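What follows is a set of notes on a single structure, which appears directly below.
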Amino acid sequence: MDLVRLKRYIEEVNCQSEALRLLKDLKINWETDIKKMDFSGLSSGVSMSGKPKIIYEKPYKDIFQLDGKMVDLIHFVAKTNNKIIPPFKVHYYNIQGKQRILGDFSGYVDGFHRVQLAVKLNLESIPVLLWEKERYIFEPNETEFVINENCLIVKNSRGKILYEFDFSKKEVETILLNSLTNKIEMVVYDI
């Protein structure tokens, strides 16, 4: 083995050993004031639009991996007084008529290492940033979309208004034709 690679391995093992030592007394100081959260520092680069809320839930159990990101997170939590942004979760609700049903495309979009650190620290509950988005599904040739000055109106083929979205309260994230289902899907969230 060459010396450069051997030195790199030894540095990694020393960092991991230090991280394990720091875990013994580690406390996570979660940021729960959404207005104070700065998402620009997240390594994932994920940023979300809309109006999230804070919920508390039991972190899901998974394999704890002491990879480079986890070592960096442990060092960051242990050596700074910075508050940690909770993991992000998105719930997509399928809107069918007047029913709002939790869809299958819901789950964490950022924060895997933060969740796993919480599990390792045996935390019973953690804050989670939750974005709720609504997914509307329409038939392609039976739906008309009309944009007025401050709203989007969705009508059926007979001209009956199905939905009206006020742009001062709702943001339309996407409208697309799903080529797998041949349905028009529209995702909307509160602002």
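Taken together, the values in this text are just the output of simple stated rules run on the coordinates, not laboratory data. Since this is a predicted model, take the numbers as computed values, not measurements. Here the Cβ positions follow ideal geometry from the backbone for every residue, glycine too, while neighbour counts run over all protein chains shown.
Comparison of Ala118, Ala78 shows that the only residue that is touching a helix residue (DSSP H, G or I) at 6+ places or on another chain (Cβ under 8 Å), over 30 Å from Phe165 (Cβ atoms) and of a type in the set (Gly, Ala, Ser) is Ala78.
Residues that are assigned to a helix (DSSP H, G or I), without any contact (Cβ under 8 Å) to a residue 24 or more places away in the chain and either β-branched (Val, Ile, Thr) or in contact with a strand residue (DSSP E or B) (Cβ under 8 Å, 6 or more places away or on another chain) (or both) are absent from segment 39-55. Within segment 34-47, being under 20 Å from Tyr189 (Cβ atoms) and touching a helix residue (DSSP H, G or I) at 6+ places or on another chain (Cβ under 8 Å) holds for Val46, Ser47. Evaluating Thr32 against the criteria (1) among the hydroxyl-bearing types (Ser, Thr, Tyr); (2) under 21 Å from Leu123 (Cβ atoms); (3) over 25 Å from the mean Cα position of the chain (by Cα) leaves one unmet condition, (3). Name the single residue that is farthest from the chain's Cα centre (by Cα) among those in segment 101-133 being loosely packed, with under 12 Cβ neighbours inside 10 Å and either outside any strand (DSSP E or B) or of a type outside the set (A, V, I, L, M, F, W, C) (or both). Only one residue tops the list, namely Asn122.
Can you name every residue in segment 40-78 that is among the small types (Gly, Ala, Ser) and surrounded by 14 or more Cβ atoms within 10 Å (Cβ to Cβ)? If the condition is that a residue be among the small types (Gly, Ala, Ser) and surrounded by 14 or more Cβ atoms within 10 Å (Cβ to Cβ), then Gly50, Ala78 are the ones that fit.
Condition (residue is over 17 Å from Leu23 (Cβ atoms), of a type in the set (Lys, Arg) and exposed (fewer than 14 other Cβ atoms within 10 Å of the Cβ)) applied to segment 90-98: is it met by at least one residue? For segment 90-98, residues over 17 Å from Leu23 (Cβ atoms), of a type in the set (Lys, Arg) and exposed (fewer than 14 other Cβ atoms within 10 Å of the Cβ): present. Selection over segment 163-180 of residues that are touching a residue at least 12 places away in the same chain (Cβ under 8 Å), out of contact with any helix residue (DSSP H, G or I) (no Cβ under 7 Å at 6 or more places or on another chain) and of a type outside the set (Lys, Arg) gives a count of 11. Within segment 15-29, the residues that satisfy the criterion of being more than 28 Å from the chain's Cα centre (by Cα) and closer than 10 Å to Ile74 by Cβ are Cys15, Glu18, Arg21.
Are there strands (runs of 3 or more DSSP E) fully within segment 136-191 with at least 3 residues that are among the aliphatic types (A, V, I, L, M)? List them. Full working, then the answer.
Details: elements: 143-147, 151-156, 161-166, 170-178, 183-190.
Output list reads 151-156, 170-178, 183-190.
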